[in-house]
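Structure record follows, encoded as structure tokens.
The values are calculated or read from the model by the stated rules, or taken from the named source; none is laboratory data. Being a predicted model, the structure only gives us computed values, none of them experimental. A quick note on method: Cβ atoms are made from the backbone with ideal geometry, for glycine too, and the neighbour counts reach across all protein chains shown. Calculation scope for accessible area: heavy atoms of the full protein, side chains included, ligands and nucleic acids excluded. Shrake-Rupley method; radii C 1.70, N 1.55, O 1.52, S 1.80 Å.
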Amino acid sequence: MERKRYQPVKVRNISLGDGNTKICVPLVAANQEDIGRQLELIQSGPHDLVEWRVDFYEGHEEWEQVRAALGMIRRRLDETPLLFTFRTKPEGGESDITLEAYRELCQRAADTGMVDLIDLEYHLGGDLLRELVPELHQAGAAVIGSCHDFARTMDAEEIIEILRSMQLLGVDITKMAVMPECRKDVLTLLRASVEMEEKFADRPFITMSMGKMGAISRIAAEFTGSAFTFAAAGRASAPGQMSADGIETALGLLR
């Protein structure tokens, strides 16, 4: 079957979902000094965009500290696209946050004009996403709707159903990450991804199977249709992340 085509999401100098899987490297630092050191490491290796995992940052509860760090990151990245993510504890994050604080943090980040994409978690509810997505769009930020299950891999039909539900909420890119218990679970994620692209996707999506067992899904991202894959420069932000150098080599060989 011919691969389904949809409009890529253009973010600064790259197109997400154009058929070439991009490499996103997470920035997982506790303070500005560590941010500076990790940015040097990231920028010395392969990367197409950078994700700032704000839940790792010790000053995330004080907006002025977040804004100061964000300003430094934006200056250092120049035209490299920046994804702003606060990953909550239920979704595998490092810090707790109230729903209102989460909403305010995402809105303030978008209003600065310094972030290009913002991650919104599907589990926080359709009402929040329906309200917040248009506001973030108005501020000029694209939105990734994300769903993570660290306990299991649901069946392919449920994976597809969740991705399609996020499409209906108006996000620009959908994302699903699941945890495998056996090799068949990894194949389930791969099959769901291909079926999503061929039959249901009307916008870019990202899928992955986590942990060591699921690592193959990260290098198969271009085969399955994922807009980008996450790879580490130093500390990983999720189980199973490979090095950015390794991912670049693998993608090149598969191409």
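At a glance:
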read-out	value
Single unsatisfied condition, Leu187 versus (1) touching a residue at least 24 places away in the same chain (Cβ under 8 Å); (2) farther than 25 Å from Ser15 by Cβ	(1)
Residue match in the range 13-31 (condition: in contact with a Gly (Cβ under 9 Å, 6 or more places away or on another chain), open to solvent by 70 Å² or more (accessible area, probe 1.4 Å) and under 28 Å from Arg255 (Cβ atoms))	no
Test set (1) surrounded by 15 or more Cβ atoms within 10 Å (Cβ to Cβ); (2) within 18 Å of Thr174 (Cβ to Cβ); (3) modelled with pLDDT of 95 or more - Asp55 fails condition number	(2)
Condition broken by Glu161, with the remaining ones in (1) open to solvent by 40 Å² or more (accessible area, probe 1.4 Å); (2) of a type outside the set (S, T, N, Q); (3) in a loop (DSSP other than H, G, I, E, B) satisfied	(3)
Residue list for the range 114-157, restricted to those being farther than 16 Å from Leu83 by Cβ and in contact with an Asp or Glu (Cβ under 6 Å, 6 or more places away or on another chain)	Thr153
One residue from Asp127, Asp116 being modelled with pLDDT under 95, at negative phi and not hydroxyl-bearing (Ser, Thr, Tyr)	Asp127
Of residues in the range 58-69 being in contact with a helix residue (DSSP H, G or I) (Cβ under 7 Å, 6 or more places away or on another chain) and in contact (Cβ under 8 Å) with a residue 40 or more places away in the chain, the one farthest from Phe86 (Cα to Cα)	Trp63
Filtered residue count, the range 92-131, keeping only those that are surrounded by 21 or more Cβ atoms within 10 Å (Cβ to Cβ), assigned to a helix (DSSP H, G or I) and free of Cβ contacts under 8 Å to residues at least 40 places away in the same chain	2
Scan of the range 61-91 for residues that are within 21 Å of Glu104 (Cβ to Cβ), open to solvent by 30 Å² or more (accessible area, probe 1.4 Å) and not in a helix (DSSP H, G or I), ordered by number	Glu61, Glu62
